[in-house]
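A short worksheet on the structure shown next.
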Amino acid sequence: MSRTSDELRDRTKKKYASAVVRLYITLPKRQAEAQVIGKQLLRSGTSVAANFREASRARSVAEFVSKLEVCVQEADESDLWLQLLRDDCGVSDTRLFNVLRETNELIAIFVTMAKRSKASE
């Protein structure tokens, strides 16, 4: 039985990972630093969805919590790349602000899920 909702699994893929991909596509091609940071964001942002899928297949509470903690780490890294794109590369696209907001919402959700899972052990 899955420990995660289909809604959240879908959210990490469609609303988050896909939004990261769409944001990356819009980054300035001639701005080398935006491209380098964008590639880092692409890796960490899509990793959130991949690791959440792994969490949904966890065989134990400990494995579930471990995968959720990886999701938090990857989302936190994504938060850093988004801030750098905004603050140091001058990217002020609405997509960036939406992804940044979703990043922080997902971090809060994952942290809460991990805490509740640990408490139920």
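General observations
- Fraction of accessible area attributable to carbon and sulfur, the stretch 1-111 (%, probe 1.4 Å): 51
- Of interest is the spacing of the C-alpha centroids, which for the stretch 82-109 and the stretch 33-52 amounts to 12 Å.
- Entry comment: accessible area of the chain is 57 Å² per residue, from protein heavy atoms only and a probe of 1.4 Å.
- Correct option for Kirkwood radius over Cα pairs in Å [calculated from the coordinates] among (i) 14.6; (ii) 23.8; (iii) 16.2: (i)
- Placing pseudo-labels 7 Å out from each Cα toward the beta carbon at residue 43 and residue 62 gives an inter-label distance of 2.9 nm.
- Residue of 17, 32, 49 that the Gaussian network model of the chain assigns the largest fluctuation, springs spanning Cα pairs under 10 Å: 32
- Measuring r between the beta carbons of residue 5 and residue 101 and using R0 = 25 Å, the FRET efficiency lands at 0.80.
- Of 103, 46, 94, the residue with the largest accessible area leads and the full order is 94, 46, 103 (1.4 Å probe).
- Multiplying each eigenvalue of the alpha-carbon gyration tensor of the stretch 1-69 by 5 and taking the square root yields semi-axes of 30, 13, 5 Å, largest first, rounded to whole angstroms.
- All other residues whose Cβ lies under 14 angstrom from that of residue 90 are scored, Lys and Arg at +1 and Asp and Glu at -1, for a net of -2.
The values are calculated or read from the model by the stated rules, or taken from the named source; none is laboratory data. This one's a predicted model, so the numbers in the text were calculated from it and none came from an experiment. Every residue, glycine among them, receives a Cβ derived from its backbone with ideal geometry; neighbour counts consider all protein chains shown. Keep in mind that these areas ignore ligands, DNA and RNA; they rest on the heavy atoms of the full protein, side chains included. Shrake-Rupley method; radii C 1.70, N 1.55, O 1.52, S 1.80 Å.
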